[in-house]
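Enquirer: Before I ask anything, here is the structure I am working with.
The values are calculated or read from the model by the stated rules, or taken from the named source; none is laboratory data. Everything numeric here is computed off the predicted structure, so don't read it as measured data. Don't worry about glycine lacking a Cβ; one is built from the backbone with ideal geometry, like all the others, and counts go over all protein chains shown. Accessible surface is based on the protein model in full, side chains and every heavy atom, while ligands, DNA and RNA are left aside. Shrake-Rupley method; radii C 1.70, N 1.55, O 1.52, S 1.80 Å.
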Amino acid sequence: MATEAEGFGAFREFLASRPNLAGLAAFVVVFIGVGLLSESILAALLAAALGYAAGLILTPAHLPTYSSGIPVRGATREEMDGRLAEFRQRVRSHHAQLPPESQHDLSMITVHLGEMINRWDLVQQAPEQRLSIESLVYQYLPSTLDVFLRLPDSAKPAAAPEWTQQLHLLATEVSRSRNTVLKQDLESMRNNGRVLEQKFEDGDLKMFRENGL
């Protein structure tokens, strides 16, 4: 029974896979096109089968990503929304373990990131800004939260002031970036993207790099 269930699960996964969906799309397009031109159902079926095979073979199962998980082609608005929603859910789930002083900045960071993601078409016009926001949502914020949550409960009070200060600094920069996005100022967006990137690299984040980031 377990083997049958695993086989059915694998079959369902295949049906929903990118190669199968691409193959099916090619099958439909080719079948309709050849059917209209040749008026032969057999010829249309044969050509469509070849189209399906080509779509299945040539379409990669997964889009390439960086080690951070950010898609190499750049994240879409939907992907950014999904990642930010996951982070918000984790913050809610671990509310009791986080310093009360961090709640306001965490809320502001996610709200302002959400506003920028809602204008993702504009943000993508400033690559520095886009890359920094992607890094924030995909890597920095989840990793920073992980680092704090991994600390023993007895060590959290001592680490809380530094953690909340870094969040506050980050919230300030995110707020500044959000304001430039709302103003649609591309040059300022590029500059703010570089500032955010620097915040990931400078001494403000030393504690988190020492914890494995």
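Enquirer: Calculate one ³J(HN,Hα) per residue across segment 87-97 by plugging θ = phi - 60° into the Karplus curve 6.51 cos²θ - 1.76 cosθ + 1.60, and present them in order as whole Hz with x for glycine and proline.
Expert: Ordered by residue, 3J(HN,Hα) equals 5, 4, 5, 5, 4, 5, 5, 10, 3, 5, 8 Hz.
Enquirer: Say each of LEU122 and ARG150 gets a label point 7 Å from the Cα, pointing the same way as Cα to Cβ; how far apart are those two points in nm?
Expert: Going from the LEU122 label point to the ARG150 one covers 3.7 nm.
Enquirer: Can you send over the carbon and sulfur percentage of the accessible area for segment 91-139, probe radius 1.4 Å, protein chains only? Could the numbers behind the result be given before it?
Expert: On the way: 1100 of 2200 Å².
Heavy-atom surface of segment 91-139 belonging to carbon and sulfur, 1.4 Å probe: 50 percent.
Enquirer: Compute the accessible area per residue over segment 104-184, keeping the other protein chains in place, probe 1.4 Å, unit Å².
Expert: Values: 3470 Å² over 81 residues.
On a per-residue basis, segment 104-184 sits at 43 Å².
Enquirer: Quick one: what are the phi-derived ³J(HN,Hα) couplings along segment 153-168, Karplus 6.51/-1.76/1.60 with θ = phi - 60°, whole Hz, x for glycine and proline?
Expert: 3, 5, 9, 4, x, 6, 7, 4, x, 5, 5, 5, 5, 5, 4, 5
Enquirer: Please turn the phi angles of segment 126-131 into ³J(HN,Hα) values with the Karplus equation 6.51 cos²θ - 1.76 cosθ + 1.60 (θ = phi - 60°), one per residue in order, whole Hz, x for glycine and proline.
Expert: Ordered by residue, 3J(HN,Hα) equals 10, x, 5, 5, 4, 4 Hz.
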